[in-house]
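Q: Let me give you the structure first, and then I'll get to my questions.
Since every read-out is calculated from the coordinates, none of them should be taken as a lab result. Every value quoted in this text rests on a predicted model; they were computed, and no experiment measured them. Cβ placement follows ideal geometry from the backbone for every residue including glycine, while neighbour counts extend to all protein chains displayed.
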Amino acid sequence: MLRYCTEPESAAITVVVEGQPVPAHVDESVAAVLLRVFGADYRISSVDGGTRAPYCLMGVCFECLAEVDGVPNRQGCLVPVREGMVIARQLGRTEVD
Ligand code: FES
């Protein structure tokens, strides 16, 4: 279980994670929020169906893929949250338009 070292203060923002409001710090990454909410169940691999979680947190490994505002395959470690952002885990294969 991941937790803040300090709780969000009044300047914190709220994002929507799979339909639930979640407080977040300004400029916290999408990956950090999803790790805090789901831990090791961060995403499901489209290759073998196993669980995956962010590894490098610097844009190299692509283990942090998430859906952000309806757009799949975003690298969660590189996307800072903003007020009202809609975030979802990426559970398996995604459709490409
Ligand atoms: S955690 Fe490795 S690219 Fe995001």
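Q: Let me confirm something: among Ala32, Ala66, Ala53, which residue is near the ligand (Cβ under 10 Å from one of its atoms), crowded, with 16+ Cβ neighbours inside 10 Å and under 20 Å from Val17 (Cβ atoms)? Working first, answer last.
A: Working: Ala32 fails: near the ligand (Cβ under 10 Å from one of its atoms); Ala53 fails: crowded, with 16+ Cβ neighbours inside 10 Å.
Exactly one residue qualifies, and that residue is Ala66.
Q: If the Cβ limit is 9 Å and pairs must be 6+ apart or interchain, which residue in the range 49-78 that is in contact (Cβ under 8 Å) with a residue 24 or more places away in the chain and on the phi < 0 side of the Ramachandran plot pairs with which residue that is in a strand (DSSP E or B) and near the ligand (Cβ under 6 Å from one of its atoms)?
A: Every condition considered, the pairs that remain are Cys64/Gln75; Leu65/Gln75; Ala66/Gln75.
Q: Being touching a Cys at 6+ places or on another chain (Cβ under 6 Å) and in a loop (DSSP other than H, G, I, E, B) is the filter here; which residues of the range 23-58 pass it?
A: Of the range 23-58, the ones touching a Cys at 6+ places or on another chain (Cβ under 6 Å) are 29, 31, 54-55, 57.
Listed by number, the residues that qualify are Pro54, Tyr55, Leu57.
Q: Of the residues Asp41, Asp48, which single one is more than 14 Å from the ligand (Cβ to nearest atom), of a type in the set (D, E, K, R) and surrounded by 13 or more Cβ atoms within 10 Å (Cβ to Cβ)? It would help to see each step written out before you state the result.
A: Details: Asp48 fails: surrounded by 13 or more Cβ atoms within 10 Å (Cβ to Cβ).
When all the criteria are applied, what remains is Asp41.
Q: Now for a separate question. State which residue is nearest to the ligand (Cβ to nearest atom) when the search covers only the range 70-93 and only residues that are under 19 Å from His25 (Cβ atoms) and part of a loop (DSSP other than H, G, I, E, B).
A: By that ranking, first place goes to Val79.
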